[in-house]
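Have a look at the structure below before the remarks.
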Amino acid sequence: MMANADAIETKRLVDTAERHLTVGADILSNIVDTQTNSLVLVNALPILANLSPLYPANSSLAHSTCLFIEAALMPVTDTDRSEEERDRQEDTTLRTDINSALISDCLRFFETQFGLSGAGEVTWLCSANMAVNLVPNPVDCEAMGAAIKSITSHAIRFLFGRVPPIDQSLDASQELASQRPDLVEELFKLNLTCLEISPEATAEVLEPVLACAIASLAVKEYSTARVVLSWLRGVLKAGPSLPTITGCKSFHHVVSEYAASLVVYLFLGLGGRLPHRSNTSIAEALWSLMEVTAVMNNEAVDPRGLLKRALSLDGVPASNLTAEDRLVIESCLLKTAVRQRRFKAAIADISRVCRNEMTIDVLRDYDL
């Protein structure tokens, strides 16, 4: 009886909180005064933190809380208001960006709740992305970088059970990533923003996130694949300028360890594991990797050697190709690897060959 009474009281509390949060979000979304919304958030965050024990078992409450905070944070533009509101408040300055300190507080709140949820509740991660992208002037991003690192570790541990995720069975890791494309997509959106606002944080989580990216190169959803490949392309271009963090592997060290696996799984994506529309992004990621490895003076990651070793493996880039076919692909890529536009065209044709949309003969034309 006592347990039943507790459950009833908990449901009443959750229902009441959801109702107030929904009404509050509606009100806050129409308030144009930045100070008012900031004051509401400052006072609301400790109260919302007290609801922490309720969130893991009540996804709808987590969703309502996120909507409430987002309604307070999002800048209001003139197009967000009705014509009647614009006439009534013609001289009122519209809500501008909330200050970065308060956004940091919200981000830490999302980080805490994401961790307490076991990282399975993607709502917190979506709202963390929203908060990070609202930073008005990302000058001092140390606190945000710390929160992003923590969220990233929570997400990778939830997805793969360990950090970094790649172990002896990369295919097993890819299967795990494919089960939660929503979480993978939001994780890489967050780390794309981190790449811009906090190079230090990016350098600290580089190895686990790169390993996670490789393990995610089998997710069939195009939007997820696009974000993962965008992060890969971005980090490979920015990598040489990332700071070296004490206790963490350098960018070149991490690339040296993971380049071979990255090439193989980019090729497998090209062969059909990733959506057809990903071909351009795959080509750009491969090109960026070759540019990075070409200047590393490391025989183990020589770009031509990486391509040859990957294509020497059965089933790479697709199982319908013979050893002779793979040699034709290798010759095609090595000949086009000096010009990016031609290389991208070759990649697109290789994908069509893998999907039986063209014959291998089309790749021999690149020899001419």
> Kirkwood-based Rg over Rh for the stretch 215-309 (C-alpha set), two decimals?
Replying inline: 0.97
> Against the longest alpha carbon principal axis of the chain, how many degrees, from 0 to 90 and to the nearest 10, is the axis of helix 100-116 turned?
Replying inline: 80 degrees
> Where only protein heavy atoms count, and the probe is 1.4 Å, what is the accessible area per residue for the chain in Å²?
Replying inline: 47 Å²
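Longest exposed-loop-site-free stretch of the chain, with GluC sites (Glu not before Pro), DSSP loop and at most 14 other Cβ within 10 Å? Mind dumping the intermediate values first?
Values: sites that count: Glu90, Glu357.
Maximal segment without exposed cleavage sites: 91-356.
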>> Over the chain, with a Gaussian network built from C-alpha contacts below 10 Å, which listed residue (Ala172, Ala215, Ala147) shows the highest mean-square fluctuation?
In response: Ala172
> Dipole magnitude of the chain about its Cα centre, charges +1 at Lys/Arg Cβ and -1 at Asp/Glu Cβ only, in debye to the nearest 20?
Replying inline: 1220 debye
>> Helix 142-160 against the longest principal axis of the chain: what's the angle in degrees, Cα atoms only, rounded to the nearest 10?
In response: 70 degrees
> Taking R0 as 56 Å, what's the FRET efficiency between Arg364 and Asp15 from their Cβ-Cβ distance, rounded to 0.05?
Replying inline: 0.25
>> Leaving ligands and nucleic acids out of the surface, order Arg19, Arg352, Arg309 by accessible area at 1.4 Å, largest first.
In response: Arg19, Arg309, Arg352
>> Can you tell me the convex hull volume per residue for the stretch 133-265, based on C-alpha atoms, in Å³ to the nearest whole number?
In response: 105 Å³
> So, with a 1.4 angstrom probe, what is the percent of accessible area on the stretch 178-223 that is carbon and sulfur?
Replying inline: 47 percent
>> Using a 1.4 Å probe on the protein heavy atoms only, what accessible surface does Met290 show? Give it in Å² to the nearest 10.
In response: 20 Å²
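For the stretch 1-53, with all protein chains present and a 1.4 Å probe, just round the carbon and sulfur fraction of the accessible area to a whole percent. Could the numbers behind the result be given before it?
Values: 2300 of 3480 Å².
Within the stretch 1-53, the accessible surface is 66 percent carbon and sulfur.
Kindly flag which residue pairs out of Lys189/Lys249; Lys308/Lys344; Lys220/Lys335; Lys189/Lys220 have an alpha-carbon separation exceeding 27 Å in this structure.
Working: Lys189/Lys249 23 Å; Lys308/Lys344 18 Å; Lys220/Lys335 30 Å; Lys189/Lys220 17 Å.
Pairs exceeding 27 Å: Lys220/Lys335.
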> Expressed as an acute angle from 0 to 90° and rounded to the nearest 10, what is the orientation of the C-alpha long axis of helix 340-354 relative to the principal long axis of the chain?
Replying inline: 90 degrees
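Based on the Cα gyration tensor of the chain, what are the three equivalent ellipsoid semi-axes, each the root of five times an eigenvalue, rounded to whole Å and given largest first?
Details: eigenvalues 404, 103, 80 Å².
So the three semi-axes of the chain are 45, 23, 20 Å.
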> Roughly how many percent of the accessible protein surface of the stretch 272-367 is carbon and sulfur, given a 1.4 Å probe and a whole-percent answer?
Replying inline: 47 percent
> Taking one equal scatterer on every alpha-carbon of the stretch 268-343, how large is log10 of I(q)/I(0) by Debye at q = 0.18, 0.21, 0.26 1/Å?
Replying inline: -0.77, -1.05, -1.39
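The values are calculated or read from the model by the stated rules, or taken from the named source; none is laboratory data. All values reported here derive from a predicted model rather than from experimental measurement. Note: ideal-geometry Cβ built from the backbone for every residue, glycine included; neighbour counts use all protein chains shown. Note: areas computed on protein heavy atoms with side chains; ligands, DNA, RNA excluded. Shrake-Rupley method; radii C 1.70, N 1.55, O 1.52, S 1.80 Å.
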